[in-house]
Amino acid sequence: MHEVAFLFLVAVTGLLSGLSAYFWQKTSTESIRVNNSIYLSEQLRGELYRQLQEVSSARWSGDADALQVYYEYSRRIGRHFNQLRRTSLTRNEDEVVQALQQAYRKIQINIYKIFDDPDKSDRGASLNILDLRNAESMFNEFEEKYLALKALYTKQLRELEQTIELWTRYAPILIPVLFLLAVVIVIFTSRVIRNSFVRPVATIMAGAMEISRGDLAHKIPEQGVNEVAELAGSINRMAGELKTSRDALVEHERQAALGSLIPVVAHNIRNPLASIRAAAQVLDDADNKTELREGKQAIVDTIDRLGRWVNALVSYLHPLQPVFKEISVVALLDATLELLQGKISEKGIIVVREYQHLSISLKVDPDLMEQAVYGLMANAVEASPDGAELLITVAEEDENVVIGIQDYGPGLPFRPEPGNLEPGPSTKRFGTGLGIPIAFKICQSHGWSLAFETVENAGTLVKITAPGNRSD
C-alpha cells in the first residue's frame, strides 16, 4: 500500500506536469503559427497593393522594366501564399487560403492585360485599367477573402486565449488539490509505516529486552508487516525453546544438587540420632544421678550440634546478596582475630601478622567476608598445637591481593573443593563441618578465589585471592 500510494502520487504529479508542459508548448506553438500567418497575410496584401502601384507607375511612364517588376512582385506574393498553405493545419483554413489565392489570380489576370499589347494606342483603355478607383473595385473579392482569413485567424487566437484563461483559472485550484493529495498520502503512508513497522519493531525490541532479563515466558505480539510479524514469531519460538532448555537444565541441576545433598544430610542427621539413641539406652541402665545427668547432657549437646548444623546448612543454601563497601584489609583481619582472641589465648597461639605495614583497601561485604575469614582462622586455630604460631600474611601478586592463613598443625586429611558439602568429619565440639563450604560460597559471591595447600612439615596454608578490585 505504501509503494502503491507513492507511485500514484508520482504518476499524478508526472501527469499534471506533462499535461502542463504539453499545453504550454502547444499553445505557444499555435500562437506563434497563427500570428505568423496573420503577418504573412498582411505582407501578402501589402505586396499586392505595392505591385499595383509599381506596375501602374512603370506602365504609365513607359518603363521597359515594368513587366519585370510585375513578375518580381508576383513571385514574392506566390511565396507568401505557399508559406500560408504550409502553415495551415485545418481544412477550413486551407480552403480560405485557396479562396484568397484564387481572388488574387483574378487580379493578376486584369493587371496582365496592361501588357497584352505593348504597342496599343488606346491610351484611355490603359488608363481605365490603371485607375486606382477601378483597381479598388477589382480588389473587393480579394478583400472579402482576406477579411475571412483574418477573421479565421482572429477566432483561433481568441480560442487560444480562452484556453489559456481556463488553465490559468483552474491552475490555482489544481495545485493546492495536488498538494493536499500529497499531504494525505504522506500522512496515510506515515501512519501505515508507524502502525505496521515502527511500533511493532519497538515492541519487538522491548520484548527482546524482557526476554534477555530472563523472562522467557514473555510473548511478543506478532503484528505489523509480514517480515516483522515473522521476526516476532521467530523470537517467541526461540524464547520458548530456551525456556524448555533452561527448565530442563535447572531440573537436572536440582536433581544433581539433591543427589549430592541427600547423602550429606542423611549422614549428618543419622550420626547424631545414633548418638542420641545410644545415650537414651544408657539412661535405662544408669546407676546414679551422675550417669543420668551425663547422659542427658550428651543428648542435649548432640541435639544442639544438630540444630547448629541445620542452621549452617540453611545459611549455605540461602542465596547471597553482598553489599559492597570499601574497607581496609588490615581492619578486616584485625577484627576477625579479635573475635578469636579467646580461643587463641586458651591455646597460647602466637599470631604473626605480616601485613601491618600495608595500606590496602578492598570492596567487600564486611559481614560476609568476616564470617568466611573467621571460619578459616577458627579452623587454623583448632588445628594448631598449643603454643604454635599462626601466620597471617597479605601480599600483592600480579595486581591481586593475596591473604594467607598458615597453621602448623597436622594438615588437612582431604582437599576441599567448591560446592562439596562433604569436607570430612569435624573434630570441634561446636563445629558443623560447613565452615569451608560457606567460605567457598562467600568468596565466589565476591569474585574471589579460595585455595588450600598442604605445606610439608608446616601444616596447611589457606590462600584467599582478591582480583584487581582493590583501591590503594
In nanometres, the difference between 0.36 nm per residue of separation and the alpha-carbon distance of Ala11 and Gln255 is 80.9 nm
Jot down the radius of gyration and Dmax of region 10-114, Cα atoms only, both in angstrom. 20.4, 75
Determine one quarter of the surface area of the Cα convex hull of region 176-247, which equals its mean projected area, and express it in nm² to one decimal. 4.9 nm²
Across Lys289/Lys343; Lys296/Lys347; Lys363/Lys463; Lys106/Lys155; Lys26/Lys145, pairs whose alpha-carbon gap is larger than 21 Å: Lys289/Lys343; Lys296/Lys347; Lys106/Lys155; Lys26/Lys145
Subtract the Cα-Cα distance of Leu174 and Asp65 from 0.36 nm times their separation in residues, and report this length gain in nm to one decimal. 32.7 nm
For region 1-113, averaging the sequence separation of alpha carbon pairs under 8 Å that lie six or more residues apart and dividing by its residue count, the contact order in percent is 22 percent
Length gained if Asn400 through Gln162 is fully extended, taking 0.36 nm per residue and subtracting the Cα-Cα distance, is 76.1 nm
For the pair Ser57 and Thr29, what calculated FRET efficiency results from E = 1/(1 + (r/R0)^6), where r is the Cβ-Cβ distance and R0 = 30 Å, to the nearest 0.05? 0.10
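Every read-out reported here was derived from the displayed coordinates using simple, explicitly stated rules and does not represent laboratory data. Note that the structure is a prediction, hence the values are computed from the model and not measured. With ideal geometry, Cβ positions are generated from the backbone for all residues, glycine too; neighbour counts draw on all protein chains shown.
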